[in-house]
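The values are calculated or read from the model by the stated rules, or taken from the named source; none is laboratory data. Note that this is a predicted model, so its numbers are computed, not measured. Because the Cβ atoms are built from the backbone with ideal geometry, glycine has one as well, and the counts that use them run over all protein chains shown. Accessible surface areas use protein heavy atoms only, side chains included; no ligands, DNA or RNA. Shrake-Rupley method; radii C 1.70, N 1.55, O 1.52, S 1.80 Å.
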Amino acid sequence: PWVCGQDTLSDGSELYHTAEADGECFMTQSLKRESDGRKCFKDDPGNCSASGGLYVYNLTICPTGWRLPSRDETTLLANLVRWSEESINGYYDAKQEEYQENYKLLMLDEPEKVINFDNGEVVDIPFIGSFVSVRCIKTIN
């Protein structure tokens with residue numbers, strides 16, 4: 001059987017490392033799934049391969065059986081994995097129609113909220129329609 005933290009998660013052609021804490025399994029890498037509307041940082045496909053894609057808020061973006069994390073769950077992830085273990089390049093600002101490197105944002109299960117990957121602070125999405133990184137979670141116990 002598949003074991004979180006020992007086995008990788010397979011999603012199409014992509015494999016993701018995982019880690020377990022308090023009965024939750026976390027992806028320790030950002031989602032790379034190809035989907036309509038996915039953006040690669042600075043429009044460079046190599047950034048999607050290396051650091052994952054950027055996505056608009058969508059509760060169904062995670063692989064089947066997985067979901068977006070809550071605020072509390074991202075705290076578990078922060079304690080389990082260094083925030084900067086896998087680089088997040090930045091996000092796409094929909095209002096200014098440009099990539100921003102100064103904030104590295106991760107999608108939460110709350111509409112219009114993201115967590116700053118560098119410091120764990122929950123903030124409002126800068127602008128509706130902005131694209132941010134995704135790491136998914138699965139309850140295993």
Tell me the accessible surface of Thr139 in square angstrom (1.4 angstrom probe, heavy atoms of protein chains only), to the nearest ten. 70
In debye, nearest 20, what is the charge dipole magnitude of the stretch 96-141 about its Cα centre with +1 on Lys and Arg Cβ and -1 on Asp and Glu Cβ, if you could check? 320
Cα-based reach from Lys42 at 24 Å (exclusive), listing lysines while leaving out same-chain residues under 8 positions away: Lys32, Lys95, Lys104, Lys113
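Ignoring the sites themselves, what is the longest stretch of the chain with no trypsin sites (Lys or Arg not before Pro) in a DSSP loop and at most 13 other beta-carbon atoms within 10 Å? Intermediate results must be reported in sequence, preceding the final value.
Values: sites that count: Arg82, Lys95.
No qualifying site falls inside 1-81, the longest such stretch.
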Accessible area, 1.4 Å probe, largest first: how do Val3, Val132 sort? Val3, Val132
One would report the antiparallel percent of DSSP beta bridges in the chain, rounded to the nearest 5, as 90
For Tyr16, Tyr92, what's the largest-to-smallest order of accessible area, 1.4 Å probe? Tyr92, Tyr16
Using 7 Å Cα-to-Cβ label points, what is the Ile140/Asp22 separation (nm, one decimal)? 1.6
Once both axes come from the Cα atoms, what is the angle between helix 71-80 and the longest principal axis of the chain, in degrees from 0 to 90, rounded to 10? 70
Carbon/sulfur fraction of accessible area - the chain, other protein chains in place, 1.4 Å, %: 44
How much accessible area per residue does the stretch 18-65 have, in Å², with a 1.4 Å probe? 46
If N is the number of residues in the chain, what value comes out of its Cα radius of gyration divided by 2.2 N^0.38 Å? 0.97
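In a shell of Cβ-Cβ distance under 11 Å around Glu101, excluding Glu101 itself, what net charge do Lys and Arg (+1) and Asp and Glu (-1) give? All intermediate terms of the calculation are to be shown ahead of the outcome.
Numbers: positive: Lys42, Lys104; negative: Asp93, Glu98.
Net of charged neighbours comes to 0.
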Under 5 Å between amide hydrogens, which residues at least 5 positions from Asp118 or on another chain qualify, with H placed 1.01 Å from N in the peptide plane? Lys104
